[in-house]
């Protein structure tokens with residue numbers, strides 16, 4: 001692992017915005033920032049430059065292709081975030097994966113939030129104010145939470161303290177952004193409640209997610225009935241795999257899941273906890289490249 005790689009890690013949004021000259025904040029500018037952050041503008045892909053400090057350089061090609069197919073069918077639901085470079089040019093702040101998939105899908109323009117550069121506190125204030133609006137649907141709240149974490153470099157714990165919400169509440173909302181686009185669209189249109197969506201988001205198998213979603217919509221199931229349906233599917237899967245006879249626990253206790261999610265937030269990548277009925281197991285931290293591995297080392301402060 002070279003020192004040059006070590007220096008690349010961490011040059012995210014903060015580095016991108018740190019060299020911009022600070023300006024005085026007026027009431028007019030505050031109003032402008034709030035307006036910009038409540039609405040997304042359509043921006044031609046040819047006018048968007050990628051973030052030169054993007055620490056992540058490798059993306060799963062199959063996942064990108066799946067996202068591209070979804071974008072081609074449903075459009076880009078979660079806008080990217082850009083900063084204006086002048087003369088109609090923009091630079092990407094957040095959304096590299098969505099930008100690449102949109103290009104693969106043959107899109108000519110995508111929705112984007114336009115940042116007023118270096119007004120970090122104003123951006124945070126505008127987003128928090130946006131979250132507190134009573135007419136937001138669950139997906140809009142999830143996107144606002146994710147934007148606060150991405151653009152203001154906050155962890156789930158830091159965000160929970162900043163806005164006065166339980167960490168589990170934030171996690172439940174953000175998980176909605178990992179759901180397939182058609183399920184996200186149902187949440188956005190309020191055809192699916194937060195309770196239903198939270199239950200479906202707890203399913204790791206995307207095929208089963210779709211199956212449960214279709215059944216919930218077709219039968220107009222209550223949240224309680226949806227939870228029972230998911231449990232029945234999970235029980236069938238458990239029996240088919242013979243997990244009980246092997247002494248492996250199918251479902252992790254809620255407190256263990258919370259610990260897994262906190263570790264995942266800390267290291268910035270997927271974490272698995274494997275644990276049997278006797279409490280024996282292992283913690284697995286996954287990474288896809290030397291850069292991701294380097295990022296984990298930095299976050300754990302092992303150097």
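Among the residues of the stretch 193-202, the one identified as outside any helix (DSSP H, G or I) and more than 16 Å from the chain's Cα centre (by Cα) is 193.
Residues that are modelled with pLDDT under 75, at least 1 per element: which helices (runs of 4 or more DSSP H) completely within the stretch 26-120 meet that? Show your work before the answer.
On the way: elements: 27-38, 61-74, 96-104.
The helices (runs of 4 or more DSSP H) meeting that bar are 27-38.
Looking across the stretch 150-162, the residues that are outside any loop (DSSP other than H, G, I, E, B), out of contact with any strand residue (DSSP E or B) (no Cβ under 7 Å at 6 or more places or on another chain) and buried (at least 18 other Cβ atoms within 10 Å of the Cβ) come down to 156, 159, 160. Hey, any hits in the stretch 217-239 for a residue that's at pLDDT below 85 and not in a helix (DSSP H, G or I)? Looking through the stretch 217-239, none of the residues is at pLDDT below 85 and not in a helix (DSSP H, G or I).
Matching residues to (1) at pLDDT 85 or above; (2) within 30 Å of residue 115 (Cα to Cα); (3) outside the structural domain of residue 263 (by TED's automatic domain parsing); (4) assigned to a helix (DSSP H, G or I):
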{"site": "148", "(1), (2), (3), (4)": "no, yes, yes, yes"}
{"site": "175", "(1), (2), (3), (4)": "yes, yes, yes, yes"}
{"site": "191", "(1), (2), (3), (4)": "yes, no, yes, no"}
{"site": "209", "(1), (2), (3), (4)": "yes, no, yes, yes"}
{"site": "214", "(1), (2), (3), (4)": "yes, no, yes, yes"}
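For residue 251, state whether it is within 27 Å of residue 169 (Cα to Cα) and at pLDDT below 75.
Details: within 27 Å of residue 169 (Cα to Cα): yes; at pLDDT below 75: yes.
Against the criterion (within 27 Å of residue 169 (Cα to Cα) and at pLDDT below 75), residue 251 qualifies.
The values are calculated or read from the model by the stated rules, or taken from the named source; none is laboratory data. As the structure is a computational prediction, the values presented were derived from the model and not from experiment. Cβ coordinates were reconstructed from backbone atoms using ideal geometry, including for glycine residues, and neighbour counts include every protein chain displayed.
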